[in-house]
Amino acid sequence: MPSAQPAASNKALARVDVDGHDLPPSPAPSSPQVGRRRYALATELVYTETKDQYGASSIPIYQSATFKQTSSNGGSEYDYTRSGNPTRTHLERHLAKIMNATRALAVSSGMGALDVISRLLRPGDEVITGDDLYGGTNRLLTYLKNNQGVVVHHVDTTDVDRVRAVLNDKTAMVLLETPTNPLIKIVDISTIARAAHDANPKALVVVDNTMLSPMLCNPLDLGADVVYESGTKYLSGHHDIMAGVIACADPELADKMYFTINATGCGLSPNDSFLLMRGVKTLAIRMEKQQANAQRIAEFLESHGFKVRYPGLKSHPQYDLHWSIARGAGAVLSFETGDVTLSERIVEAARLWGISVSFGCVNSLISMPCRMSHASIDAKTRAERQMPEDIIRLCVGIEDVNDLIDDLTRALVQAGAVTLTIDDFHANGASSGTSEEDSATASASASA
Ligand SMILES: *Cc1c(COP(=O)(O)O)cnc(C)c1O
């Protein structure tokens, strides 16, 4: 009988927490003041707020592909990790805050970020970009040119007039990178952004900010529409994950890029989102130490007569321009020795400096771009771009700077690039407790 059943059910349910008062609140990760900065960057980098049910100071890794729904039509904030995941959302809100953006999106690599951005382009669209770009950026743009009907103009973006000369009403994107690497040329983001928007108000100015990070530069404040970074470098800082970050001010643009991320499935995994969040918290202290070390090393090399490219040196031809757009010089520099085999000997003699591509890690790296990261660019093009074959790139880490200078000194002496006097050696290495053995090695090589 229908009327008897409810009474029977009520009895059976008497000991159940029907209203859910005994349940813990579900965790809703968030950061304070989405998209707006309240404290100095060093403070905001470490300051997060979560509504985690246990008050966890580090947002948990939601290692889950699916999320239970509250009703048959969904109704929960998350349903499937390709579309969204609490650990990723927490990271994205934190990144939006430190990048001065309305919204940030975290994807599986820096190139993944550029892929998402480049899907805003249509056949016939024109892209203007530099001639000294990150190799992977070149490769993706060449693919779009050959397969998607996108017109790509490579010009020297350090010269605003060269950019102006190719700007027109079909310009859909201007893609900039500063400083370039390994030539460390500076690009005037603000002036180019104004010129691009004058030529075509719909043109998107996109900046690859990997070399400077949000610690040193906020391209959105300089007139860029979209900024992206490889999270593999300074943002994570330990070379233990691949990640990419995209940020912008226009919510509609963010929605379009989110559509691509959800459609293609390149959102950053929960575990890597956790690691990137962890890395970002120490960005300020790492970058401060890395660039202080880089400055000392640049000055050391310059004082020994090498041609050094570093925006922290007054001798950099675009010193003033760099400091008008950035708050620091970064931690990547390059220098020339005048001889390719000499450069090879220096790189191979270094012990503390690991021979590796990439940068932004806590440990220092040394490389010969023309042999390694830029080897895919043919020798003729390298020559046209005035890329010296003997150029050595240093990506400076957080080690004791005297140890770094000692090791470099020993490598320079062993390679025969400099002759060392005992006075030089004490000036450079005395404070770091250099061992007798190392002194002996250096002297022996110098006299050999
Ligand atoms: C490393 C790097 C990229 C690509 O990032 P991945 O995370 O390696 O895909 C893009 N631009 C610059 C300047 C880079 O250094």
With the condition kept exactly as written, say whether any residue in segment 252-260 is closer than 15 Å to ALA113 by Cα, charged (D, E, K, R) and within 16 Å of the ligand (Cβ to nearest atom). no
Do we have LEU95 as within 15 Å of the chain's Cα centre (by Cα) and within 14 Å of the ligand (Cβ to nearest atom) here? no
Looking at ALA383, ALA379, ALA411 in this structure, which one is away from the ligand (no atom under 16 Å from the Cβ) and in contact (Cβ under 8 Å) with a residue 24 or more places away in the chain? ALA411
Residues within segment 342-363 that are surrounded by 22 or more Cβ atoms within 10 Å (Cβ to Cβ) and within 16 Å of the ligand (Cβ to nearest atom), tallied: 3
Considering only residues that are surrounded by fewer than 22 Cβ atoms within 10 Å (Cβ to Cβ) and away from the ligand (no atom under 12 Å from the Cβ), look in segment 239-251 and name the one that is farthest from LEU105 (Cα to Cα). ASP240
Suppose we keep only residues that are touching a helix residue (DSSP H, G or I) at 6+ places or on another chain (Cβ under 6 Å) and assigned to a helix (DSSP H, G or I) within segment 156-175. Which one would you say is surrounded by the most Cβ atoms within 10 Å (Cβ to Cβ)? VAL163
Inside segment 114-155, the number of residues satisfying the requirement of being surrounded by fewer than 16 Cβ atoms within 10 Å (Cβ to Cβ) and more than 12 Å from the ligand (Cβ to nearest atom) is 10
Kindly establish whether VAL245 is outside the structural domain of ALA101 (by TED's automatic domain parsing), among the aliphatic types (A, V, I, L, M) and either at pLDDT 95 or above or over 19 Å from TYR134 (Cβ atoms) (or both). no
Here are the criteria: (1) more than 23 Å from GLU177 (Cα to Cα); (2) under 20 Å from the mean Cα position of the chain (by Cα); (3) crowded, with 18+ Cβ neighbours inside 10 Å. Tell me which single one THR81 does not satisfy. (2)
Give just the number: which of (1) farther than 16 Å from THR178 by Cα; (2) surrounded by fewer than 21 Cβ atoms within 10 Å (Cβ to Cβ) does SER236 not satisfy? (2)
Considering only residues that are assigned to a loop (DSSP other than H, G, I, E, B) and either more than 24 Å from the chain's Cα centre (by Cα) or of a type in the set (Val, Ile, Thr) (or both), which ones fall in segment 328-376? THR337, GLY338, ASP339, ALA350, ARG351, VAL357, VAL362
Give VAL362, VAL332 a once-over and let me know the one that is in contact (Cβ under 8 Å) with a residue 40 or more places away in the chain, farther than 16 Å from ALA411 by Cβ and in contact with a Phe, Trp or Tyr (Cβ under 8 Å, 6 or more places away or on another chain). VAL332
Candidate set: segment 41-57, residues that are modelled with pLDDT of 90 or more and crowded, with 17+ Cβ neighbours inside 10 Å; chosen: the one farthest from HIS90 (Cα to Cα): LEU41
For segment 224-233, give me the residue count where each residue is more than 12 Å from the chain's Cα centre (by Cα) and buried (at least 24 other Cβ atoms within 10 Å of the Cβ). 2
Take the residues in segment 222-238 that are under 14 Å from LEU275 (Cβ atoms) and polar (S, T, N, Q); name whichever of them is farthest from the ligand (Cβ to nearest atom). SER236
Given the structure, is LEU212 within 15 Å of the ligand (Cβ to nearest atom) and buried (at least 20 other Cβ atoms within 10 Å of the Cβ)? yes
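The values are calculated or read from the model by the stated rules, or taken from the named source; none is laboratory data. All figures in this text were calculated on a predicted structure; none of them were measured in a lab. Positions of Cβ are backbone-derived with ideal geometry, glycine not excepted, and every protein chain shown enters the neighbour counts.
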